[in-house]
1. With θ set to phi - 60°, apply the Karplus curve 6.51 cos²θ - 1.76 cosθ + 1.60 along the range 112-122 and write out the HN-Hα couplings as whole Hz, x wherever there is a Gly or Pro.
2. Tell me the net charge near Leu27. Cut-off is 13 Å between Cβ atoms, Leu27 excluded, with +1 for each Lys or Arg and -1 for each Asp or Glu.
3. Scan around Phe122 for amide H atoms under 5 Å from its own, H built in the peptide plane at 1.01 Å from N, and keep only partners 5 or more places away or cross-chain.
4. Separation between the Glu127 and Leu115 pseudo-spin-labels, each 7 Å from Cα along Cα→Cβ, expressed in nm?
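Just so it is clear, none of the values below were taken in a lab; they were calculated from the coordinates. What you see is a predicted model, and the numbers here were worked out from it, not measured in a lab. Every residue, glycine among them, receives a Cβ derived from its backbone with ideal geometry; neighbour counts consider all protein chains shown.
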Amino acid sequence: RVNSMINYLLLGVICAGLIAGCSAPPLEIALEASDMAYSVGELRAVAGQPVRLTFLNAGQLEHDFNIGKIKVGKFKYVEGGMDKHAHGSAATAAAPDLHVMAMPGAQVVAEFTPLEAGRYEFFCSTEGHEQAGMYGTLIVQ
C-alpha cells in the first residue's frame, strides 16, 4: 500500500513538472497590408498566450502594425523586421507599445504575448495611412 501511494505521488510530481514545463504554442495570426488597407479589420488573441504575427506588406508603400497602448511580454522578430522607418509626422508622437513594420514586398514574423484582456486599436503609422482606412481592432480575451 505504501508503494502504491509513493507511485501515485511520483506520478503527480512528474505530471506537474511536465505541465509546468510546457507553454501554449503561439497563436498564428496573419495580416496583409496593401496600399491603404489591411486584409482584416479584427484580430483575436488570448491574454498570456504567445502570438506569432506574420505581417506581409503586399503594397508598393511602407506599412506597419502598431498598437499605442498594450502590455506585452517577450517581443521579438523571428523573421525580418526593422525598428525604424519613415513615419512622417507620426515620428514626433509617443512611440507605440507594439510596432511591427515591413518594407514593400517584404514579410516579417514577430512574436509577442499580450498580457491583459481588452480591445486594442491597431493602425499603420505611416503618414496619412490610418486616416485612409488602415486600422482595426485586436481583441484579447
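1. 8, 10, x, 9, 10, 5, x, 10, 10, 7, 10
2. Taking every Cβ under 13 Å from that of Leu27, the sum is 0.
3. Gly136, Thr137, Leu138
4. 3.4
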